[in-house]
Each structure stands twice: as structure tokens, then as C-alpha cells.
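Asks: Following this message is one structure expressed as C-alpha cells.
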Amino acid sequence: MKIIAKIKFFVKTYEKEIVLFIAVFLVSSLSFAIGYLSAKEDLKQPIKIEKIDYELTTPSNNS
């Protein structure tokens, strides 16, 4: 029973710090998960832009 009492005392003493640690841990885990999922999307096959070879002519002023 002494161990449980020590744990309760520790939690009551450092309650704000424990809550802050849990909040920071959850936010960082969520950020990592979102980054991981968005990086998976980037692994999809990219769109290919092919160069078309043709001459562009500009209208000339023959006046």
C-alpha cells in the first residue's frame, strides 16, 4: 500500500507537468501521423509533362 500512496502523492504533486507532457506527446504523435500520411500521398506516380516540339510564331506587322 505504501507504493500506491507514493504514486498518488507523486501524481498530485506533479499533476500540471504530467498533463502538459501528455498533451505535448499527443500533439507530436498526431503531427507525425499527419506527416506520415501526407508523405505516403507523395509516393504516388507523379504527373508527367511531355515537351511538344513545335515552333511558336508571332504575328508580324507588315505595314
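Asks: At a Cα cut-off below 18 Å, give the aspartates and glutamates reachable from Lys6, other chains included and same-chain residues fewer than 8 away excluded.
Replies: Glu15, Glu17
Asks: Under 20 Å Cα-Cα from Lys48, which lysines qualify once same-chain neighbours fewer than 8 residues away are excluded?
Replies: Lys40
Asks: Something else now. In µm²/s, what is D for the chain at 25 °C and 0.890 mPa s, where D = kT/(6 pi eta Rh) by Stokes-Einstein and Rh is the Kirkwood radius from Cα pairs?
Replies: Rounded to a whole number, D works out at 134 µm²/s.
Computed from the coordinates by the stated procedures, all read-outs in this text should not be read as laboratory data. As the structure is a computational prediction, the values presented were derived from the model and not from experiment.
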